[in-house]
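Notes follow the structure.
The values are calculated or read from the model by the stated rules, or taken from the named source; none is laboratory data. As the structure is a prediction and not an experimental result, all values here were calculated from the model. Every residue, glycine as well, gets a Cβ built from its backbone with ideal geometry; the counts of neighbours run over all protein chains shown. SASA here: full protein model, heavy atoms, side chains in, ligands and nucleic acids out. Shrake-Rupley method; radii C 1.70, N 1.55, O 1.52, S 1.80 Å.
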Amino acid sequence: MSPYALSMLMSSLAVGTIVTLSSHHWFLAWMGLEINTLAIIPLMTKMHHPRATESATKYFLTQATASALILFSTTINAWMTGEWTIMNMTNPTPTVILTLALAIKLGIAPFHLWLPDVLQGLNMLTCLILSTWQKLAPMALMMLTSHQLNTNLLIAMALMSTIIGGWGGLNQTQMRKIMAYSSIAHLGWMILVISFAPSLALLNLLIYLVLTSSMFLMLMTLNSTNTNKLSISWLKTPTLAASMMVTLMALGGLPPTSGFLPKWLILQEMTKQHLGTLSALMAMSALLSLFFYIRLSYTISMTSPPNISNSSLTWRKKKNLTYLTPILIIMSATMMPITPTLLLLN
């Protein structure tokens with residue numbers, strides 16, 4: 001792809017998200033979402049492969065359906081209340097339709113089926129954009145309207161997302177599908193707490209962005225698209241493979257990594273809301289996700305592929321690491337000490 005076309009598409013992605021984040025009018029927010037969708041589709045089809053075309057078509061159809069539902073719900077709300085303000089979603093009918101539309105946009109269960117298939121047909125850079133940047137605008141709209149959304153519906157979708165996200169990733173060997181199910185499970189934790197403490201949902205989103213970005217950047221550097229290729233990464237770049245193990249533990253939510261921080265605070269908040277049974281179910285569903293993260297760590301560190309070479313050493317080409325990758329890896333492992341500061345801010 002031409003650098004000029006790529007820069008224009010990336011600028012359009014940024015503009016679409018910024019328009020949605022800074023708007024108070026539903027029509028402007030909808031326009032920002034549409035710019036976002038139209039800007040990423042050429043990035044998805046730049047590989048000129050049938051799988052990429054299939055992924056772009058599936059993504060376009062799901063996002064168009066979600067956008068139509070958003071416009072439909074906000075039109076009903078404007079007809080009932082007489083205004084298009086984002087913060088004024090008082091009627092239950094348009095609120096439920098809006099919740100379902102944003103769930104489709106984000107890939108929250110039970111509207112998650114498009115996400116693993118779409119990611120599997122794309123290259124790693126587009127997967128990174130789709131898993132991180134494209135979540136910002138819909139999640140911002142969900143946070144703005146969080147005090148008016150149906151709490152029971154959000155809790156049901158959150159529990160379903162964490163269970164399906166953990167269960168779906170157990171039998172996968174493709175890294176892109178594993179990251180897709182990881183995204184579904186993390187989104188479940190975010191929407192669980194969004195009605196009770198939007199600041200915790202924002203913290204969870206930020207840590208999710210750091211962890212997912214570092215994971216995708218390492219997979220791009222190692223050129224690992226499945227578990228077989230991941231098993232030889234230790235021979236190529238030992239330091240990066242060790243860093244990937246730490247990041248996987250952070251994605252699973254093990255202390256003392258950064259991934260433990262949002263889960264701990266969210267379970268604490270749920271307990272304060274007298275939702276002990278729900279907290280226990282969420283904690284147990286997190287064990288499903290933790291299992292396949294541990295399995296990947298085992299694949300990286302404790303398995304070796306069949307070696308037909310007589311040499312005990314492998315060629316190690318120089319890896320072109322960006323400055324962003326080590327920064328994100330360090331943040332993935334060392335953000336636990338800021339917990340007291342976050343508790344004071346809340």
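Laid out as a table, the results:
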| item | result |
| --- | --- |
| Label-point gap, in nm, between THR173 and THR334 - each point 7 angstrom along Cα→Cβ | 3.8 |
| Under 18 Å between alpha carbons - lysine pairs in the chain that sit 8 or more apart or on different chains | 15 |
| Helical segments meeting 30 Å axial Cα length and Kyte-Doolittle 0.5 threshold in the chain (DSSP H) | 198-222, 276-302 |
| Rounded percent of accessible protein surface that carbon and sulfur make up, the chain, 1.4 Å probe | 70 |
| Value of relative contact order over the chain, rounded to a whole percent, pairs C-alpha under 8 Å and six or more apart | 15 |
| Two-site FRET efficiency, ASN150 against GLU54, from Cβ-Cβ distance with R₀ of 35 Å, rounded to 0.05 | 0.55 |
| Max mean-square fluctuation residue, GNM over the chain, Cα-Cα springs under 10 Å, options MET244, MET302, MET175 | MET302 |
| Full-extension gain in nm, GLN268 to MET1, via 0.36 nm per residue minus C-alpha separation | 91.3 nm |
| Virtual spin-label span in nm between THR93 and ALA283, 7 Å along Cα→Cβ | 4.3 |
| Cα centre as origin, Lys/Arg/Asp/Glu Cβ charges: the chain dipole, Debye | 1080 |
| Potential extension, LEU71-THR341 segment - 0.36 nm per residue separation minus Cα distance | 93.2 nm |
| 1.4 Å probe accessible area per residue over the stretch 3-344, in Å² | 45 |
| Sites matching chymotrypsin sites (Phe, Trp or Tyr not before Pro) across the stretch 193-229 that sit in DSSP coil, with at most 14 neighbouring C-beta atoms within 10 Å | none |
